[in-house]
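Visitor: Please find one structure pasted underneath; my questions will follow.
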Amino acid sequence: MKRFLPDEAATTAFGRELLDALPQDLAGWTLLLTGELGAGKSTLARAFIKAAGHRGAVPSPTYTLVEPYNLARGNIYHVDLYRVSGEDELRYLGWNELDDGCRIVEWPDRAPGLTGQADLAITLSYHGAGRSIEVTGLSERGKLIAATK
Ligand SMILES: Nc1ncnc2c1ncn2[C@@H]1O[C@H](COP(=O)(O)OP(=O)(O)OP(=O)(O)O)[C@@H](O)[C@H]1O
Ligand SMILES: [Mg+2]
């Protein structure tokens, strides 16, 4: 599915919609957010985390690499791989221990092997003054979600 998001509010609304499309228990889901600098990946992740009930700031994980949120629907891990190069580094930062929650990952292209273990690929692109967004299912359960969006 592909959609036009005219402004930031539309990206935020889409983050909420994405959360609503997922099962109540988010454990084990992996969502990949791809797009150029400023495409809106963090805006979408922030809306997703807030829609799941987080109150307060959603700081960028650019330096911490992972920001964890313990919420009613389970843990959400906001991951930014901008400064990571490859799967080895990803393992070193404790990626495998994040499987008790939902991993929402910016710059997944830094560790291409992630595609094989993720559920949804979400791509944001510049489109005039707004953005376009495309959601593709990677896993079988991800394909079911993508088909409904
Ligand atoms: N649909 C939209 N239309 C226009 N502007 C948008 C839209 N969605 C988000 N923005 C704006 O794009 C800017 C960049 O957003 P954001 O920080 O989310 O990008 P990013 O992809 O995470 O960037 P980075 O790669 O640097 O982490 C923000 O100023 C935000 O308001
Ligand atoms: Mg960002």
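Visitor: Just to be sure I understand the filter: pairs with C-beta atoms under 7 Å, separated by 6 or more residues or on different chains, first member in segment 16-45 and more than 18 Å from residue 80 (Cβ to Cβ), second member acidic (Asp, Glu). Which pairs pass?
Guide: 27/100; 28/99
Visitor: Follow-up. Could you figure out which of (1) surrounded by 13 or more Cβ atoms within 10 Å (Cβ to Cβ); (2) charged (D, E, K, R); (3) under 20 Å from residue 133 (Cβ atoms) isn't true of residue 7?
Guide: (1)
Visitor: Restricted to segment 74-95, and to residues that are of a type in the set (Ser, Thr, Tyr) and within 16 Å of ligand 2 (Cβ to nearest atom), which residue is surrounded by the most Cβ atoms within 10 Å (Cβ to Cβ)?
Guide: 77
Visitor: A further question follows. So, in segment 132-149, of the ones that are within 17 Å of residue 3 (Cβ to Cβ) and not small (Gly, Ala, Ser), which residue ends up surrounded by the most Cβ atoms within 10 Å (Cβ to Cβ)?
Guide: 133
Visitor: Report every pair of residues separated by at least 6 positions or lying on different chains whose Cβ atoms are under 6 Å apart, first residue within segment 1-14 and of a type outside the set (Ser, Thr, Tyr), second surrounded by 13 or more Cβ atoms within 10 Å (Cβ to Cβ) and in a loop (DSSP other than H, G, I, E, B).
Guide: 1/149
Visitor: Please find, among 52, 21, the residue that is within 23 Å of residue 135 (Cα to Cα), touching a Leu at 6+ places or on another chain (Cβ under 7 Å), more than 16 Å from ligand 2 (Cβ to nearest atom) and not acidic (Asp, Glu).
Guide: That would be 52, the only listed residue that is within 23 Å of residue 135 (Cα to Cα), touching a Leu at 6+ places or on another chain (Cβ under 7 Å), more than 16 Å from ligand 2 (Cβ to nearest atom) and not acidic (Asp, Glu).
Visitor: Run down 129, 57 and say which single residue is within 12 Å of ligand 1 (Cβ to nearest atom) and surrounded by fewer than 12 Cβ atoms within 10 Å (Cβ to Cβ).
Guide: Unique residue meeting the criteria: 129.
Visitor: Is there a residue in segment 104-125 that is among the basic types (Lys, Arg) and without any contact (Cβ under 8 Å) to a residue 24 or more places away in the chain?
Guide: Within segment 104-125, none of the residues are among the basic types (Lys, Arg) and without any contact (Cβ under 8 Å) to a residue 24 or more places away in the chain.
Visitor: Out of all the residues in segment 106-121, which are assigned to a strand (DSSP E or B) and within 11 Å of ligand 1 (Cβ to nearest atom)?
Guide: Hit for segment 106-121 is 106, nothing else.
Visitor: Still on this structure: Which residue pairs have Cβ atoms closer than 6 Å, lie 6 or more positions apart in sequence or on different chains, and pair a first residue in segment 54-66 that is on the phi < 0 side of the Ramachandran plot and assigned to a loop (DSSP other than H, G, I, E, B) with a second residue that is of a type in the set (Phe, Trp, Tyr) and within 13 Å of ligand 1 (Cβ to nearest atom)?
Guide: Matching pairs, first to second residue: 62/82.
Visitor: Go over the candidates 70, 96 one by one and state the one that is out of contact with any Asp or Glu (no Cβ under 7 Å at 6 or more places or on another chain), more than 16 Å from residue 18 (Cα to Cα), outside any loop (DSSP other than H, G, I, E, B) and at pLDDT 95 or above.
Guide: 70
Visitor: Considering only segment 1-33, state which residues are polar (S, T, N, Q) and more than 9 Å from ligand 1 (Cβ to nearest atom).
Guide: 24, 30
Visitor: Ok, one more. So which residues in segment 34-52 are part of a helix (DSSP H, G or I) and away from ligand 1 (no atom under 14 Å from the Cβ)?
Guide: Hit for segment 34-52 is 51, nothing else.
Visitor: Now a separate question. All but one of (1) within 20 Å of residue 40 (Cα to Cα); (2) under 16 Å from the mean Cα position of the chain (by Cα); (3) surrounded by 15 or more Cβ atoms within 10 Å (Cβ to Cβ); (4) not polar (S, T, N, Q) hold for residue 109, so report the exception by its number.
Guide: (3) is the only condition that residue 109 fails.
The values are calculated or read from the model by the stated rules, or taken from the named source; none is laboratory data. This structure is a prediction, so every number in the text was calculated from the model and none was measured. For neighbour counting, all protein chains shown are included, and Cβ atoms are generated from backbone atoms with ideal geometry for every residue, glycine included.
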